[in-house]
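Engineer: Pasting a structure here, questions to come.
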Amino acid sequence: MTQNMVAPGLVAGEGAGARLLGGKSRGDGRIVFPMPSGPEAERYEEVELAAEGTLWSFTVQRFAPKRPYDGPSGEADFQPYAVGYVELAGQLIVEARLDTADFASLRLGMPMRFTLLPYRRGPDGGEVLTYAFRPVCPNNEEKP
């Protein structure tokens, strides 16, 4: 079984060394996510985004999303999850899944760290991963 990302070109590296890939405009230095593709990509330099940021905004998804969502669906498989915007200082604000089951502990401005999460199973039975951010405790450890 293989391990794949939910979409190509989103992440560089693996495990603790994985980072989101953005694009830095060659014209004005503005950073975007994801890295543009096709002819537009020529206007950008690929950059690894910061692994840590702060929670800017969030909500909890309490029902299965509609198409084109292709993760676990249906009442039996669906588990509520948090999604939010994480500010990567000096770069941009990125939307991401938030890796916590303790929704009540989420606070605006709290430190967050990049991680990869299982999203679904692919046709070959291998894990398909997505990117996320996980809350960081004051002692700089990730919260469970």
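Engineer: Pull up all non-local amide H partners of Tyr119: gap of 5 or more, or a different chain, and H-to-H distance under 5 Å with H placed in the peptide plane.
Structural biologist: Val128, Leu129, Thr130
Engineer: Right, another one. When the Karplus curve 6.51 cos²θ - 1.76 cosθ + 1.60 is applied with θ = phi - 60°, which whole-Hz ³J(HN,Hα) does each residue of the stretch 20-29 get, with x for Gly and Pro?
Structural biologist: Taking θ as phi minus 60°, the curve returns 5, 9, x, x, 9, 4, 6, x, 10, x Hz for the stretch 20-29.
Engineer: Run the numbers for Arg62 and Arg120: contour at 0.36 nm per residue of separation, minus the present Cα-Cα distance, in nm.
Structural biologist: Working: separation 58, 0.36 × 58 = 20.88 nm, distance 1.78 nm.
Here the segment from Arg62 to Arg120 would lengthen by 19.1 nm.
Engineer: A further question follows. Work out, in µm²/s and without decimals, the Stokes-Einstein translational diffusion coefficient of the stretch 41-113 at 37 °C, 0.692 mPa s, Rh from Kirkwood over C-alpha pairs.
Structural biologist: Approximately 234 µm²/s, per Stokes-Einstein.
Engineer: Same structure again: Placing unit charges on C-beta atoms (Lys and Arg positive, Asp and Glu negative, everything else neutral), compute the dipole magnitude of the chain about its Cα centre in debye, rounded to 20.
Structural biologist: Dipole about the Cα centre, nearest 20: 320 debye.
Engineer: Given Met112, Thr130, Ser37, which one lies farthest toward the positive end of the charge dipole of the stretch 4-135, if we put +1 on the Cβ of every Lys and Arg and -1 on the Cβ of every Asp and Glu?
Structural biologist: Ranked along the dipole, the leading option is Met112.
Engineer: Shifting gears a bit: Expressed as a rounded percentage, what relative contact order does the chain have, with Cα pairs under 8 Å and six or more residues apart?
Structural biologist: Values: 293 pairs, mean separation 34.3, N = 144.
Reported as a whole number, the value is 24 percent.
Engineer: Average projected area of the Cα convex hull of the stretch 4-135, in nm²?
Structural biologist: If you wrap the Cα atoms of the stretch 4-135 in a convex hull and average its projections, you get 9.1 nm².
Rule-based calculations on the coordinates, nothing more; no lab input. Note that the coordinates shown come from a computational prediction; the quantities given were computed from them, not determined experimentally. Every residue, glycine among them, receives a Cβ derived from its backbone with ideal geometry; neighbour counts consider all protein chains shown.
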